[in-house]
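The values are calculated or read from the model by the stated rules, or taken from the named source; none is laboratory data. As the structure is a prediction and not an experimental result, all values here were calculated from the model. Cβ placement follows ideal geometry from the backbone for every residue including glycine, while neighbour counts extend to all protein chains displayed. Note: areas computed on protein heavy atoms with side chains; ligands, DNA, RNA excluded. Shrake-Rupley method; radii C 1.70, N 1.55, O 1.52, S 1.80 Å.
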Amino acid sequence: MSMVCPQDRTPISYLDLLIRVSMAAASRSYQLMRPNPISTGGRWPCAAILAFAGLCPVPWLSSALGDTAAFSGPAFLEHVRYLASDELEGRGLGSRGIDLAAEYIAAQFKAAGLKPGGDDGTYFQWFEATLRRDLSPDTRLEFAGVAGLESPKLGADFVPMSFSGAGDFAGPVVFAGYGISAAEFNYDDYRDLEVKGKVLLVLRFEPHDENPEAKFGGGVYSQHSYHNTKVALAKAKGAAALLVVAPPLHRTEPDKLADFAAGNTRENYGLPCLQISQELADKLLAAGGLGSLESLQKQLDEKRQCLSAELKEVTARGEVKITRVRAPARNVVGIVAGAAEQASEYVVIGAHYDHLGKARYSLPRSDQERADQTPHIHNGADDNASGTAGLIELARRFASADPPKRSVVFAAFSGEESGLLGSEHFAGHPPVPLSEVAAMLNLDMIGSLQNDQLTVFGIGTGQEFEDLLGRLAGSCGLRIKGDQAGIGPSDHTPFYAAGVPVLHFFTGSHDRYHRPEDDTPYVNAEGGAKVTGLVCAVAAELAAAERRPTYQKVEQPPVARGGLKVRMGVMPSYADDDEPGMRITGVSGGGPAEKAGLLAGDRILMIGPATVNNVYDYMGALSRYNPGDVVDLTVRRDGRDLRVPVTLGAAR
Ligand SMILES: [Zn+2]
Ligand SMILES: [Zn+2]
């Protein structure tokens with residue numbers, strides 16, 4: 001698996017990477033099949049016939065659930081058709097479409113007879129989400145000591161990068177090559193260079209190598225070329241700001257400033273980072289006595305020596321002004337109350353109903369798509385109108401059946417696509433005590449069933465899960481590909497991190513994933529209904545069982561994330577709050593963080609000397625370490641700051 005998109009050689013996002021990693025993990029997982037428990041002589045006919053008919057017999061359930069356990073494809077499709085319609089605009093955070101979706105789900109819960117499970121007796125659980133950061137036109141950049149240079153123009157000569165930190169800066173300008181320190185390639189732009197309080201001018205990417213197989217500067221760039229690596233390094237060295245210029249050689253496209261708003265502006269690397277034009281860079285370098293950008297690049301690429309130097313008497317000052325755009329978001333929560341002693345225990349069934357909204361191509365396939373600025377509706381039929389449809393049908397089924405022993409909570413989450421915001425909020429402000437949640441079942445992308453093959457993540461998080469699914473899957477006409485992992489790129493993760501056994505039902509990825517083509521005509525509604533039938537059977541059994549499933553921590557195989565060489569073994573929170581540090585949502589079993597005693601809920605304030613305020617700082621700070629390094633973490637727990645040494649593990 002490559003860490004970079006081959007098309008544009010930019011690092012793919014962390015969440016994106018996680019989903020790819022999970023998918024790769026799924027293909028490594030084992031098959032889970034048990035002999036079919038249903039005899040042909042009993043009440044139910046041959047399971048093979050049922051499987052063919054897409055029915056799901058579950059005779060061991062309470063009568064009403066069991067009698068009508070086959071879910072209908074057309075009913076499933078009706079929800080998908082509405083939720084994924086253009087009218088709902090792709091259900092992006094802060095849009096009218098997502099409000100319509102929330103109202104629709106609440107109306108369905110109400111019509112089914114669910115009790116409201118949200119704030120103040122409503123179906124809604126509200127929270128705030130950062131939609132994006134907007135660049136103010138007052139943003140400025142000025143230079144002194146450059147004869148004949150008018151003040152550079154925002155958008156024409158310079159532009160902050162989408163991950164830029166906000167704030168003002170001033171300092172002498174230093175050319176720092178590619179801004180890379182790579183001991184393993186014997187390359188260091190920071191050799192004998194003092195950059196504290198200085199404004200660095202660096203080339204983008206890494207020194208070009210004619211050999212496409214080269215590990216540094218070859219066909220696939222190394223992690224040293226990533227913006228996050230360079231920014232973290234510059235920050236750690238105390239730079240005041242980073243000016244980035246495209247290398248004039250070996251790149252065919254014309255020098256073009258990137259549009260701030262086109263990137264993921266929720267990323268904030270915490271240092272002013274501005275792209276400047278080659279023309280401006282040339283003027284600065286000439287004034288500073290360093291010659292032309294082209295000649296500097298040529299020497300760097302060929303000789304790979306450190307050419308870093310201060311630009312004589314050239315100083316820069318400026319301010320990046322950014323406003324954070326926040327919007328209210330809401331989970332939709334309804335409850336079917338249990339009837340027995342165990343009614344104060346819960347099974348949570350969840351699915352996210354948000355998607356990418358109206359946006360540029362998030363996974364462009366061509367230069368044309370990459371350049372396309374038009375917002376396209378990302379209808380998100382499989383992701384995740386399908387899971388939401390399953391959730392609604394399950395709510396209707398449970399509400400109309402005999403009451404289960406345990407209560408069942410139905411939660412439609414918002415903000416999943418922005419980093420599990422809704423499920424994190426739910427787990428952080430649970431409407432029912434999390435300690436009383438017996439299990440959490442997550443439906444994310446259940447609308448593209450093929451060959452009756454269903455992937456289920458989290459099998460290892462409950463001791464009884466393998467047996468349970470083995471018994472139920474066959475009778476629902478499904479073959480299960482099980483994966484142990486409880487941590488993954490979807491809403492079950494915050495529950496697993498809080499000690500709840502979880503299962504994530506997933507019919508697999510496809511080339512429409514996160515693309516406008518993920519639309520209703522491609523949804524396999526009969527398949528979705530079949531998966532819903534299995535979830536119904538699993539939920540019914542969990543709600544009725546004498547004992548709750550036994551929670552197990554899963555040792556997850558180390559995976560390379562964002563090009564990191566090392567692994568800490570924590571699930572970082574993406575929630576954008578104003579508190580210092582980065583909150584840890586969970587700690588993976590057997591990982592370095594767990595061994596060091598880190599706990600879910602801890603906030604990492606510092607990694608070694610580097611301040612950490614969000615997941616990007618965290619990744620950047622880690623990028624400087626090697627497996628086996630012992631790094632001192634400053635961690636805030638219950639208002640107290642602790643120093644915790646962690647021995648970093650190796651990413652694969
Ligand atoms: Zn999803
Ligand atoms: Zn998604």
> Excluding ASN379 itself, what net charge comes from residues whose Cβ is under 11 Å from its Cβ, given Lys and Arg +1 and Asp and Glu -1?
Replying inline: -3
>> Tell me the relative contact order for the chain as a rounded percent, counting alpha carbon contacts under 8 Å between residues six or more apart.
In response: 18
> Using the membrane-span-like helix rule (whole DSSP H runs, Cα extent along the own axis of at least 27 Å, mean Kyte-Doolittle hydropathy at least 1.0), which helices of the chain qualify?
Replying inline: 525-544
> Cα to Cα, under 27 Å, and not fewer than 8 places away if on the same chain: which lysines meet these conditions relative to LYS481?
Replying inline: LYS530, LYS553
> When we measure straight from the Cα of LYS321, which aspartates and glutamates land under 13 angstrom away, once same-chain ones fewer than 8 places off are left out?
Replying inline: ASP134, ASP138, ASP168
>> Could you give the length gained by full extension between LYS153 and ASN626, i.e. 0.36 nm per residue of separation minus their alpha carbon distance, to one decimal place?
In response: 166.2 nm
> Can you list the lysines whose alpha carbon is less than 20 Å from that of LYS303, not counting same-chain residues fewer than 8 positions off?
Replying inline: LYS215
>> So, R0 is 35 Å and r is the distance between the beta-carbons of ALA258 and GLU313; what FRET efficiency does that work out to, to 0.05?
In response: 0.75
> Roughly to the nearest percent, how much of the accessible area of the range 566-650 is carbon and sulfur, given a 1.4 Å probe?
Replying inline: 48
> To two decimal places, what compactness ratio does the chain give when its Cα radius of gyration is scaled by 2.2 N^0.38 Å?
Replying inline: 1.03
>> If R₀ is 30 angstrom, what is the calculated FRET efficiency for the pair SER435 and LYS115, using the beta carbon separation as r and rounding to 0.05?
In response: 0.90
> Hey, any idea what the orientation-averaged projected area of the convex hull of the range 137-320's Cα atoms comes to, in nm²?
Replying inline: 9.7
>> Once the convex hull of the alpha carbons of the range 566-650 is built, what does its volume come to per residue, in cubic angstrom?
In response: 77
> For the pair GLN299 and ASP367, how long in nm is the line joining their label points, each one 7 Å along Cα→Cβ?
Replying inline: 3.2
>> Can you give me the accessible area per residue for the range 274-319, using a 1.4 Å probe, in Å²?
In response: 48
> To one decimal place, what Kirkwood hydrodynamic radius in Å is obtained for the range 173-253 from all pairs of distinct Cα atoms?
Replying inline: 13.0
> What percent does the relative contact order of the range 566-650 come to when contacts are Cα pairs within less than 8 Å and at least six residues apart?
Replying inline: 31
